[in-house]
Amino acid sequence: MTEKLVVIGAGMASGRALEHILETDPAKYDITLFGSEPRGNYNRIMLSPVLSGEKTFAEIVTHDTAWYEANGITTRFGEAVTQIDRDRKVVVSAGGETPYDKLLIATGSAPFIIPVQGKDLPGVIAFRDLEDVETMRAAAKPGAKAVVIGGGLLGLEAAAGLRMLGMEVTVLHLMGHLMERQLDEAAGYLLRKALTDRGIKVMCRASTAAILGEERVEGVMLEDNTGIEADLVVMAVGIRPETRLANDAGLEVGRGIVVDDHMVTSDPDILAVGECVEHNKQLFGLVAPLYDQAKVVANTLHGAGGAFMPKQTSTKLKVTGVDLFSAGDFAEGEGREDIVFRDPARGVYKRLVIENDRLIGAVMYGDTADGSWFFGLIRDGETISEMRDTLIFGPSYQGGAALDPMAAVAALPDEAEICGCNGVCKGKIVQAITEGGLTTLDEVKAVTKASSSCGTCTGLVEQVLAVTLGDDFVLPTVKPVCACTDLTHEDVRRLIKAQDLKSMPAVMQELGWKTTCGCHVCRPALNFYLLADWPDDYKDDYQSRFINERAHANIQKDGTFSVVPRMWGGVTTPAELRAIADAVEKYDVPLLKVTGGQRLDLLGVKKEDLPAMWADLNAAGLVSGHAYTKGLRTVKTCVGSDFCRFGTQDSTGLGIKLEKRLWGSWTPHKVKLAVSGCPRNCAEATCKDLGIVCVDSGYQIGVGGAAGMDLKATELLTTVASEEEAIEISVAFVQLYRENAKYLDRPYKWIAKVGLDWVKARVVDDLAERAALVARFDHSQTIYQKDPWAERAQGGSRHEFTPLADFSFKEAAE
Amino acid sequence: MNAVVSDTWLDIGSVEDIPVRGARVVKTPHGCLAVFRVAEGEIYALDDRCPHKGGPLSNGIVHGRSVTCPLHNWVISLETGAAQGADEGRTRAHAVRVEDGRILLDAAAVGA
Ligand code: SRM
Ligand SMILES: Cc1cc2nc3c(=O)[nH]c(=O)nc-3n(C[C@H](O)[C@H](O)[C@H](O)COP(=O)(O)OP(=O)(O)OC[C@H]3O[C@@H](n4cnc5c(N)ncnc54)[C@H](O)[C@@H]3O)c2cc1C
Ligand code: SF4
Ligand code: FES
C-alpha cells in the first residue's frame, strides 16, 4: 500500500533525498513537499554567482515543475509548516492539516543575526535565499555602500559579488585573518590582498557594536567607535540549525535535531536530513556530508540498511579569479611538520601538514590544481614517506614526469575524489564513461552527479573524460565568441553588466581577451553590447562596424553600394518618387528595383557619390532606410481600414507609427515588422520578427517569425484592445531583445533560448517592467535616432568617402 | 592633385588622416591601393583587391596586423598581403614609411 511521506523544506538535502527515494521505488510513497520559499529545490550554493551576475537563477534550478509532475510529487511551495502533531500524525500549515505516515524534516538552517541595536532596520539582510540575492542586486547601484559582517566563505562570496555589481564594499571580520577556520595566516593574507586589489576594504578584529539608521540602515558602529557608512548591511556570521518545529513537537534537540546513524529522530516515524540535524554531536554546513545523509535517509525509508558516517570535507571559495583550497587539519602542533612552497611573483602559497608520515592537512592559494590529490592522501591516511621530498609539487611530479595537467589527472588513483560536493571519485567517473558509453560532460553530470553542485571541479571532470576517451573526446558544450576569448556571448553580455565594463579596452582587459584588439567577429558584437547596455557612457566604435554600417549602404560584389531610402509603412508620394528618379539619372545608377520590403533600391552607386546623393534625397525628405543595419529594417503594411473592404483597423497608420518610433535603434540582428489589417494577412505579418494582425476587437501581436534561412510562423505574444498598447508592447519587446539576445540571433532564435513565457512575463504581464523597458528604449533613442545620411551629407566621416591621394591622372600630368 | 614626389617616395598624407584601425584609398592609374593604420600606429599599403574575388580591402575591419575582407571574410595579412588560415592567395603589398608624421609611399606602387 502506498504510504504518505511528507517532506518539510525544499532545499538541497531534501532535493537529493527525493531523487534517491524515487530511484529505489517510485511507487512506495505518495509524497507531499512543503517549502517556505515560493519555489522548488535549487542549488543554493550557486546563489553567489547569481549575485555577481555570472549565472542566472534559471541556471541553478535543480528540480523544475515538470520534474515534480513527472514524479507525482504534490508541491506546496510558499507554504511553511507551522506545527507537527505527532499524536495525530499530521503537519499543520496555512493550507490546513496534512497527514503523514513518515515525516522528513529538512528545514536547513537560519542565518545567525547578531543581536545588536538596529539589526531589524530595512537594508539589513542575511545571505541565504533568492530573496536576499534580489535585495542585494536591487541595492547595488554603482557607488552605493555595502558592509558585509563576517569574513568567512559566505561573507566573502557576498562581498565579491556586490563589488562586481559596482558597490563600495567593506568586510568586517571579528578574527585576525579571513576565513580563519579554513585558512592559515599566510593564505589569509594572500586572500586579503586579492580582495583589496579588487577594491574591497577588509577590516579584521572588527567587532560590530550597533547598526545605525532611522528609517533604514545608514551605517555600522564598531566597538572602538569607528563609524562606517552603509546603504546595505549583509550579515554572514554563521548559521543555526532550524529546529523550531522539532523543538515544539518535543523531539530530542541539541544544537540540531538529534538523529541516529540512520537519520531517524527520537520519533521512529520522523526522519531528518541536512543542516538542521545533529549527528554524534556534530553539525554540518557543506553539502558533501548532506548528500551522504540523503542516501541514508532514502535507504531507511525503504527499509534498507546503511549508516551515515561523516567524512572529511574540503573547501573552495567560489570567487572568480581567487583560487584557494583547504582540507583537513592545519593547526601547528607538536610532532607536526610543515612543507611550505611560495612563489611571490605568481602569488602562490602551498602548505602541507604532516603527522606520523601521513598528510593531515593542506592549504593552497593561487594554484590549487593538485587539491584533489592532496585531499585523497589526507582522507585515505596513506603513508607519504617515499615521496616526502617532492610531495609539494603534486602528483605529476612523482616519478619525475612533466608538470602536465593531463598527466596529473591520469596519475590519480581510482579512489581520488574529483567532486567534493557529491563525493564522486575518479574510478566511478571512469566506470560510468566506459560502461555507459558517455562522451560529454553533461552525460557524466547526469549519471554520476560529479560537477553538478558548486561546479569548481568541472575542469577536472573534463580532464578525466579526456584521459579516459583519448582522441574520442571533443571538448564541447560552450561555443566561445571567437578565437580571441573562451567566453560565450551570453557570458560576455552578463559580465559587461555585472562588472560595469563600459569600453572595449575594459572588456578585453577584464575578460582576458587573447588578442590585442579583437577581430572582425568579436568587435562588432562587443560594440553592440556596450552601446545597448550603456547608451550614455559608451561611445560607438566606428572601426568595429562592418562596412555597411560605416558607409550606411550595402556593399555590392563590385565594391559599389546600394541605397534604400525609408518609405514609411510602404507609403510614398509623387515628390519622393520624383527625387528618387532624379537621383537615379544624376548618378548613373544602373538598377532601380522594388525590394521585397515595400520600397525602392538604387543599386550600383559609387562610394564617392553617396554623400551627394544623400543630400539630394534628404532635400526631398527621404532618410536612410537602414537596409544595411542590425537595426529596424522595414515595417510592411497593407492598406487596412482606410480603403480595404475587409480592413478592421488602420494597419497602414499603425505600421507608420511603429516605424517612426523604432527606426534608428541598434539591435542584435536586423528586425522586421509588419501590420496586416485583417486575418487575410496581406502584409505577411505572421512570418516577421514582430507582426500584428488587426481584428475587430483589437490587435494580435505575434513574435519570433522567420522567413529567411529558416521558415517559422510567429507565436502569439498577446492580444490587446488599443493601438497605444500595441505600440508599447512592441517597443518593450524590441528593448528586451536588445538587452538580452546574443549578437546575430534573430528574435526567433533568442526566444527559443529564453522561452516565450519569459518574454511574456516581462513584456505583457509585468506592467512596471514593460514601462521600464519602454523608458530605456526611448532614452536610447534620444542618442541614436538620427539620420546617418544627413550627418554624412553635411560632411561627417569624410575620410570614408574620399581618397587619401589621387594619382590616377598622374601619367597624363607628367 | 596634392601629392608630392620626393625621391622615389611619394608623400600621400599625414598619419592622422587615417583613422586608427581604419584605411583610406589611394587612386592610381592601375586601380586603387588601400593604406591601413593599425592600433599601434604602423602604416601598411596593399592593392585594394582581395585575392579571393577582388573585394575592396579598404572597406574591411582591421585587427592586429590583418584586415578582414568585407565580401566573404578572408583574413589578409597587412605585412605580406597573404591570405591567412586555410585560404590561399596573396595581394600585392607596397613599401611605406612614416617620417615626421607624414606617410611616404614607394613610388613604384603607383606605377611611377
Ligand atoms: C534588397 C533585398 C532583395 C530585394 O531586391 O528585394 C535584400 C537584399 C539582401 N538581403 Fe535580404 N533583401 C531583401 C529582403 C529580404 C527578405 C524579405 C522581407 O524583408 O520581407 C528576407 C526574408 C525575411 C527575413 O529577413 O527573415 C530577407 C532575408 C535575408 C537574409 C536571411 C536572414 C535570416 O535571418 O534568415 C539575409 C542574410 C543575413 O541577414 O544574414 C539577407 C541579406 C541580404 C543582403 C544584405 C546580402 C548581403 O549581406 O549583402 C542583400 C543585399 C543586396 C544588395 O546588394 O543590396 N536577406 N531579405 C530586400 C531588401 C528589403 C528592404 O527593403 O530592406
Ligand atoms: C550563498 C551560499 C553559498 C554556499 N556555498 C557552498 C559551497 O560552496 N559548498 C558547500 O558545500 N556548501 C555551500 N553552502 C551551504 C549549502 O548551501 C547548505 O549546506 C545546504 O543548502 C543545506 O541544505 P539543506 O537542505 O539542509 O537546507 P536548505 O538548502 O537551506 O533548505 C532548507 C529549506 O527549508 C525551508 N524551510 C525551513 N523551515 C521550513 C518550514 N517550517 N516549512 C517549510 N519549509 C521550511 C527553507 O526555506 C529552505 O528552503 C552555501 C550556502 C549559501 C547560502
Ligand atoms: S536572396 Fe538576398 S542575399 Fe541572396 S542573392 Fe538575392 S538579394 Fe542577395
Ligand atoms: S572577395 Fe575578399 S573574401 Fe571574397
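The values are calculated or read from the model by the stated rules, or taken from the named source; none is laboratory data. Quick caveat, the model's predicted, so the values are computed rather than measured. Please note: Cβ atoms are built from the backbone with ideal geometry, for glycine as well, and neighbour counts cover all protein chains shown. Surface accessibility is based on the protein's heavy atoms, side chains included, excluding ligands, DNA and RNA. Shrake-Rupley method; radii C 1.70, N 1.55, O 1.52, S 1.80 Å.
Numbers below:
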read-out: Crossing angle, helix A:458-469 versus chain A [Cα axis fit, 0-90 degrees, rounded to tens]; value: 90
read-out: For the stretch A:194-205, 3J(HN,Hα) per residue [Karplus equation, 6.51 cos²θ - 1.76 cosθ + 1.60, θ = phi - 60°, Hz, x = Gly/Pro]; value: 4, 6, 4, 4, 7, x, 8, 8, 10, 10, 8, 6
read-out: Rounded accessible area of residue A:23 (nearest 10 Å², 1.4 Å probe); value: 130
read-out: Magnitude of the charge dipole, chain A, Cβ model with Lys/Arg +1 and Asp/Glu -1, debye to 20; value: 2040
read-out: Distance between the stretch A:717-775 and the stretch A:1-79 - C-alpha centres, whole angstrom; value: 30
read-out: Signed unit charges on C-beta, dipole axis of the stretch A:124-237, positive-most listed residue A:226, A:140, A:177; value: A:177
read-out: Two-site FRET efficiency, residue A:216 against residue A:809, from Cβ-Cβ distance with R₀ of 56 Å, rounded to 0.05; value: 0.15
read-out: Helix axis angle, A:574-586 relative to chain A longest principal axis, alpha carbon, degrees; value: 80
read-out: Chain A: calculated mean residue ellipticity at 222 nm from DSSP helix runs of at least 4, using -39500 (n - 2.57); value: -9500 deg cm²/dmol
read-out: Centroid-to-centroid separation of the stretch A:217-277 and the stretch A:592-614 [C-alpha atoms, Å]; value: 71
read-out: Difference of contour (0.36 nm per residue) and Cα-Cα distance, residue A:575 to residue A:721; value: 49.0 nm
read-out: Under 5 Å, built H, 5+ apart or other chain: amide partners of residue B:28; value: A:807, B:33
read-out: Theoretical FRET efficiency, 1/(1+(r/R0)^6), r = Cβ-Cβ of residue A:431 and residue A:557, R0 51 Å, to 0.05; value: 0.35
read-out: Those Cys residues of chain B for which no other cysteine Cβ falls under 4.7 Å; value: B:32
read-out: Integer Hz, Karplus 6.51/-1.76/1.60 couplings in order for the stretch B:51-66, x for Gly and Pro; value: x, 6, 10, x, x, x, 4, 4, 8, x, 9, 8, 8, x, 10, 9
read-out: Cα gyration tensor shape for chain B, rounded if a/c is under 1.5, else prolate or oblate; value: prolate
read-out: Acute angle (nearest 10 degrees) that the helix A:371-380 long axis makes with the longest principal axis of chain A, alpha-carbon atoms; value: 20
read-out: Extension reserve of the residue A:753-residue A:174 stretch, reckoned as 0.36 nm per residue once the Cα distance is removed; value: 203.9 nm
read-out: Theoretical FRET efficiency, 1/(1+(r/R0)^6), r = Cβ-Cβ of residue A:606 and residue B:98, R0 30 Å, to 0.05; value: 0.50
read-out: For residue A:231, solvent-accessible area (1.4 Å; no DNA, RNA or ligand), Å²; value: 70
read-out: Amide H partners (placed H, <5 Å) of residue A:109, local residues excluded; value: A:242
read-out: Estimated distance in nm for a label pair at residue A:595 and residue A:542, the labels positioned 7 Å out from Cα along Cα-to-Cβ; value: 2.4
read-out: Of all accessible heavy-atom area on the protein assembly as shown, the percent that carbon and sulfur account for (1.4 Å); value: 50
read-out: Sequence-distant residues sharing a close amide H with residue A:625 (under 5 Å, placed H); value: A:564, A:566
read-out: Accessible area in square angstrom per residue, the stretch A:489-544, 1.4 angstrom probe; value: 38
read-out: Potential lengthening between residue A:261 and residue A:39 on full extension [0.36 nm per residue; Cα-Cα distance subtracted]; value: 76.9 nm
read-out: Rounded if a/c under 1.5, otherwise prolate or oblate - chain A, Cα gyration tensor axes; value: prolate
read-out: Over 28 Å (Cα to Cα) - which of A:514/A:672; A:145/A:479; A:55/A:502; A:479/A:630; A:426/A:749; A:201/A:502 fall in this group; value: A:514/A:672; A:145/A:479; A:426/A:749
read-out: Listed residues A:494, A:198 arranged by accessible area, highest first, probe 1.4 Å; value: A:198, A:494
read-out: Note, ³J(HN,Hα) from phi for the stretch A:268-273, Karplus 6.51, -1.76, 1.60, rounded to Hz, x at Gly and Pro; value: x, 8, 10, 10, 9, 8
read-out: For chain A, the longest site-free run once chymotrypsin sites (Phe, Trp or Tyr not before Pro) in DSSP loop states with at most 13 other Cβ atoms within 10 Å are removed; value: A:1-642
read-out: Shape category assigned to the stretch A:240-324 from the gyration tensor of Cα positions, a/c cut at 1.5; value: oblate
